[in-house]
Amino acid sequence: MATVKPFQCVRPNESVAARVAALPYDVYNRSEACAEVAREPLSFLRIDRAETQFPDSVDTYAPEVYQKAKEMLDEAMADGTYLTDDDRTYYIYELTMDGRRQTGIVACASIDDYSNNVIKKHENTRAEKEIDRITHVDTCSAQTGPIFLAYRANEVINAEVNRTKENTPLYDFTSPDGIRHTVWKITDGEAVTKIENAFAGIGSIYIADGHHRAASAYKVGLKRRKENPGYTGEEEFNYFLSVLFPDEQLMIMPYNRVVKDLNGNTGEEFLDKISSKFDVVKSDEPVAPENKYTFGMYLDNQWYKLTAHEDIRSNDPVDGLDVAILQNELLEPVLGIKNPKTDSRIDFVGGIRGLEELERRTHEDMKIAFSMYPTSITELFDVADAGKLMPPKSTWFEPKLRSGIFIHKI
């Protein structure tokens, strides 16, 4: 059963919360991060990506970069930019995008639950990406970017969240990208107990987004345990910062595909080959698939709707995903994309960018584009419950959780 603990939060002063809140560290390259920090000097991105404080000649992963991050965090806590709450509690974090709300519990999850698969994964992580966040968390002794977790909705938790939302929020601001961020603190001790007990009755929690952050927090916890052989399990390094959302509120956006060429085929040859596996119908309008097993395709200034034949559909939780069907039945056998993780001929476009971006890419640097029907949260749960992994770039979550609103010191 899940251990989801209240915690002592380090959080921004109300007067600067909107300026501090930053998109996750990994949505920017170095030049983009520098531009964002120049635009908003208080952005937490300056701490999450402290190479922004150095000339380009200093390596992104140099030891002095992580030390600078620690210094800036310590300074921000000392000068009143950040304050530390006296009590241990939960917070409510609501994000509103295009009128749609998702409301989560900010808490700390257990590294033991991560290792024993109470917290379930659906992606592999890469060691080189983990090392950066391991070093950042360990040097700062703080977790600064929450892991996005999901759980099957629970009536007790829903009731306590709704009750808390009747109070005045701590923060309520709209970020430059138009997302509204509202935060409440749970001040009722009985509510905290009810929520903690409700999570203790939940058998599975799922990583929706943030696999590398979760793996890094887990490995820092193991490192600290080794350094502290008398640990009790209650130390803060045994837990990692999370926001947990009920499944009924989550929406996954499609993760679309673009490919550089037709693998030596003419357009006519390509269409002939794929017609053995898909119904191919021209469309006068851009195609955003409205059903599972359907795909949009843009080739030579023409949109098509593809529908997978019955014989290539599968009840397997992985092979039955639309992203897997496209990969196994078209991208690999026809376009020669054997490993989408490493093949430079394919790129991935988050659904937030729209179909216009797919058209633009085919006119600029790609030959063909595919628009996807989004993976569902139920499909994500089914894959994780089966102990399997999703194909690369199967899910795109929006809106993104902001870093710097909640910090967990370890």
>> Looking at Asn238, Asn256, can you tell me which residue is farther than 21 Å from Tyr151 by Cα, in contact with a Gly (Cβ under 7 Å, 6 or more places away or on another chain) and touching a residue at least 24 places away in the same chain (Cβ under 8 Å)?
In response: Asn256
> In the range 313-350, what residues are free of Cβ contacts under 8 Å to residues at least 60 places away in the same chain, in contact with a Phe, Trp or Tyr (Cβ under 8 Å, 6 or more places away or on another chain) and surrounded by fewer than 17 Cβ atoms within 10 Å (Cβ to Cβ)?
Replying inline: Arg313
>> Return the residues of the range 266-295 that are more than 22 Å from Glu379 (Cα to Cα), in contact with a Phe, Trp or Tyr (Cβ under 7 Å, 6 or more places away or on another chain) and either surrounded by 13 or more Cβ atoms within 10 Å (Cβ to Cβ) or not charged (D, E, K, R) (or both); say none if nothing qualifies.
In response: Val280, Val281, Ser283, Pro286, Val287
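Tell me the residue from Ser394, Ser371 that is among the hydroxyl-bearing types (Ser, Thr, Tyr), more than 18 Å from Asp209 (Cα to Cα) and in contact (Cβ under 8 Å) with a residue 40 or more places away in the chain, please.
Values: Ser394 fails: more than 18 Å from Asp209 (Cα to Cα).
After ruling out the rest, the residue left standing is Ser371.
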>> Between a residue in the range 119-145 that is under 28 Å from Lys388 (Cβ atoms) and any residue that is polar (S, T, N, Q) and in a loop (DSSP other than H, G, I, E, B), which pairs come within a Cβ distance under 7 Å, given they are 6 or more apart or on different chains?
In response: Lys120/Ser204
>> Could you tell me how many of the residues in the range 1-59 are touching a residue at least 12 places away in the same chain (Cβ under 8 Å), polar (S, T, N, Q), more than 21 Å from Ile410 (Cα to Cα) and surrounded by fewer than 22 Cβ atoms within 10 Å (Cβ to Cβ)?
In response: 1
> Within the range 286-343, how many residues are in contact with a Gly (Cβ under 9 Å, 6 or more places away or on another chain) and among the small types (Gly, Ala, Ser)?
Replying inline: 3
>> Suppose we keep only residues that are part of a loop (DSSP other than H, G, I, E, B) and under 18 Å from Thr81 (Cα atoms) within the range 4-22. Which one would you say is farthest from the chain's Cα centre (by Cα)?
In response: Ser15
>> Looking only at the range 145-196, filter to residues that are within 22 Å of the chain's Cα centre (by Cα) and of a type in the set (A, V, I, L, M); which one of those is surrounded by the fewest Cβ atoms within 10 Å (Cβ to Cβ)?
In response: Ala153
> With Ala150, Ala198, Ala215, Ala208 as the choices, which residue is out of contact with any Lys or Arg (no Cβ under 9 Å at 6 or more places or on another chain), of a type in the set (A, V, I, L, M, F, W, C) and at pLDDT below 95?
Replying inline: Ala208
>> Kindly evaluate Met372 against the criterion of being over 21 Å from Thr96 (Cα atoms) and over 18 Å from the mean Cα position of the chain (by Cα).
In response: yes
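The values are calculated or read from the model by the stated rules, or taken from the named source; none is laboratory data. None of the values given here were measured: they were computed from a predicted structure. Cβ coordinates were reconstructed from backbone atoms using ideal geometry, including for glycine residues, and neighbour counts include every protein chain displayed.
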